[in-house]
Amino acid sequence: MIVLRAFQHMITARAGLSVLLVACILGATPPAGAVDFVVMDYQGRRVMLIRDEARSEKYPRGGMIARGDAQRFAQELQRAGKIEEILFDSGGGSEPDGLELGRLIRKAGLATRIPAGASCASACADAFRGGVARRIEKGGRYGIHMPTIAGNPQTVQKIAGIMEKARAQGSVESAQRLIFEIEQLSAQAAARWALYVMTMGASVRIVDSGAKFLASEMNWLTRDQLVDLNVVNVD
């Protein structure tokens, strides 16, 4: 009985925290802006730069890859006409849009590049791998971390609902269901990432390299690692 009561208190506390986190994600925290698509000349070629939107009063945290940006990219690419290469400077953002950006880049047969002084991490790193030819200039940075489901509001809401039910029932079975749900969603995210990596011609070992770092951390790959994992395929 003492163990069950302790478990109930733990579930209650975690459920309350989860509900608070959902509120922050969906309402209390100002939404991030999207990325900018800038058509420009670079080293004698006509390119499109995908970069995080600058900080502003509306978006105090600045912009990142957001839901719907892949669709925006397709429209901007069609409007831009002939583009030879896609450049990146982004800290990441929406995982589904990062993957879809990469697929669209591959479908268009475009090269990708991270210029000197620019960074491309998380969802941006996924989009970068869509390039047929992939270059990272000296001084450019490429970062990966474990696949995460925490950035998906629908998933967070679903898990919060399970936690609330577990709190109300105070049962081990409810806690087990929560664990199973998280395990399944995490496994699906990892499998989705691995399939995408292989489809884009990079080494699936990159999934293991990313899994060693939490989503709140970043593994900035060295030049040797980038070549070894076939992230960079053009010198």
Gly130 vs. criteria open to solvent by less than 10 Å² (accessible area, probe 1.4 Å), within 17 Å of the chain's Cα centre (by Cα) and in contact (Cβ under 8 Å) with a residue 12 or more places away in the chain: yes
Residue list for the range 69-92, restricted to those being open to solvent by 40 Å² or more (accessible area, probe 1.4 Å), in contact with a Lys or Arg (Cβ under 9 Å, 6 or more places away or on another chain) and closer than 28 Å to Trp220 by Cβ: Glu84, Asp89
Residue within the range 163-173 that is open to solvent by 10 Å² or more (accessible area, probe 1.4 Å), modelled with pLDDT of 90 or more and not in a helix (DSSP H, G or I) present: no
Selection within the range 23-42 - modelled with pLDDT under 95 and either out of contact with any strand residue (DSSP E or B) (no Cβ under 8 Å at 6 or more places or on another chain) or of a type in the set (Val, Ile, Thr) (or both): Ala23, Cys24, Ile25, Leu26, Gly27, Ala28, Thr29, Pro30, Pro31, Val35
Conditions (1) out of contact with any strand residue (DSSP E or B) (no Cβ under 6 Å at 6 or more places or on another chain); (2) modelled with pLDDT of 70 or more; (3) open to solvent by less than 90 Å² (accessible area, probe 1.4 Å); number of the one not met by Gln157: (3)
Where a residue in the range 196-208 is more than 16 Å from Gly131 (Cα to Cα) and without any contact (Cβ under 8 Å) to a residue 12 or more places away in the chain and its partner, wherever it lies, is part of a helix (DSSP H, G or I) and open to solvent by 30 Å² or more (accessible area, probe 1.4 Å), with Cβ under 6 Å and at least six apart: Val204/Met198
Residue match in the range 93-116 (condition: open to solvent by less than 60 Å² (accessible area, probe 1.4 Å), out of contact with any helix residue (DSSP H, G or I) (no Cβ under 6 Å at 6 or more places or on another chain), hydrophobic (A, V, I, L, M, F, W, C) and modelled with pLDDT under 95): no
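The values are calculated or read from the model by the stated rules, or taken from the named source; none is laboratory data. The shown structure was predicted, so the numbers you read here are calculated from the model rather than taken from an experiment. Note that we place each Cβ from the backbone using ideal geometry, even for glycine, and neighbour counts take in every protein chain shown. Side chains included, ligands, DNA and RNA excluded: accessible areas come from the protein's heavy atoms. Shrake-Rupley method; radii C 1.70, N 1.55, O 1.52, S 1.80 Å.
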